[in-house]
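Have a look at the structure below, then the notes.
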Amino acid sequence: MSLTRVHNFSISLDGFGTGEPQTLETPFGHAGERLHEWMFVDSTGVDDLFARQYSTGIGAEIMGANKFGPPGWHEDPEWKGWWGDNPPYHHPAFVLTHHTREPIEMEGGTTFLFRDATPAEVLEEARAAADGQDVLIGGGATVVRDFVRAGLIDLMHVAVVPIVLGRGVRLWDGLEELESTFDVESVASPSGVTHLTFSRKR
């Protein structure tokens, strides 16, 4: 069976996966791009090794409504995501939302599909769409947390970035004793980022 994976999910030292408020101009709120700068600076070292695992073997993605667009995007019938005509996914991308709409086919093989469903229900559909490849849980923090809490994540990479946000959406809330169900490895990068890998115990 294919794996359910999280990759390159960046959080601050105090555990926030995004700042606030999220708007069209500021997709990550007051965090700006600071949570993700590590992906684009180091082209040869530890950070790059982790960053390049993002799309390997992925056949479908599941994301939350706030990753697809800013608050209120569902009221704009022309909104097709942040990424332009050719999004970087190149496979089916399932958007968890209470405001469903018809699928949107984009250039490059990406199709956005909108589902009002439980994590287990949408994962079953995404696995079928992935055609034997793995399914990526793309975020945001609430979606990742819901899939972890439901026991549906096999492998999770979290990058702890050396900044403090103070407010936003936290990843770890409600995930007490996570270490009892995952083996945890830590790798420190010279950039100050700590890469945590959670592998489900068998």
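How big is the Cα convex hull of region 98-166 in projection, averaged over all directions, in nm²?
6.8
Can you compute 3J(HN,Hα) from phi for each residue in region 126-135, using the Karplus curve 6.51 cos²θ - 1.76 cosθ + 1.60 with θ = phi - 60°, rounded to whole Hz and x for Gly and Pro?
5, 4, 5, 5, 6, 6, x, 8, 7, 10
Assuming a ≥ b ≥ c are the square roots of the Cα gyration tensor eigenvalues, decide whether region 122-162 counts as rounded (a/c under 1.5), prolate (otherwise, with a/b larger than b/c) or oblate.
Because a/c hits 1.5 or more and a/b exceeds b/c, region 122-162 counts as prolate.
What share of Cα pairs, in percent, lie more than 28 angstrom apart in the chain?
23
Quick check: from the Cα gyration tensor, does region 154-197 come out rounded (a/c under 1.5), prolate or oblate?
On the way: a/c = 2.65, a/b = 1.12, b/c = 2.36.
The shape class here is oblate.
To the nearest 20 Debye, how big is the dipole of region 1-148 about its Cα centre, given +1 on the beta carbon of each Lys and Arg and -1 on that of each Asp and Glu?
300
In the chain, what percentage of the DSSP-assigned beta bridges are antiparallel, given to the nearest 5?
Rounded to the nearest five, the antiparallel share is 45 percent.
Can you work out ³J(HN,Hα) from phi for every residue in region 62-73, in order, using Karplus 6.51 cos²θ - 1.76 cosθ + 1.60 and θ = phi - 60°, giving whole Hz and x for Gly and Pro?
Listing the rounded values in order: 10, 9, x, 4, 6, 7, 6, x, x, x, x, 4 Hz.
For Glu185 and Asp131, compute 0.36 nm times the residue count separating them, minus their Cα-Cα distance, and round to one decimal in nm.
Extra length available between Glu185 and Asp131 comes to 16.5 nm.
With charges only on Cβ, +1 for K and R and -1 for D and E, what is the dipole size of region 65-158 about its Cα centre, in debye, rounded to 20?
With only Lys, Arg, Asp and Glu charged at Cβ, the dipole is about 360 debye.
Tell me, how many Å apart are the Cα centres for region 47-67 and for region 113-183?
12
Which of the three applies to region 64-146, rounded, prolate or oblate, going by the alpha-carbon gyration tensor with a ≥ b ≥ c and a/c under 1.5 meaning rounded? Walk me through the numbers before you get to the answer.
On the way: a/c = 1.62, a/b = 1.15, b/c = 1.41.
Oblate, because a/c is 1.5 or more while a/b does not exceed b/c.
Starting from a Cα-only point model with no solvent, please compute log10 I(q)/I(0) by Debye for region 1-120 at q = 0.17, 0.19 1/Å.
Log10 of I(q)/I(0), two decimals: -1.05, -1.28.
A short reminder: the numbers here are calculations on the coordinates, not readings from a lab. Predicted model, so just to flag it, every value in this text is computed and none were measured. All Cβ positions, even for glycine, are placed from backbone atoms using ideal geometry, and neighbour counts span all protein chains on display.
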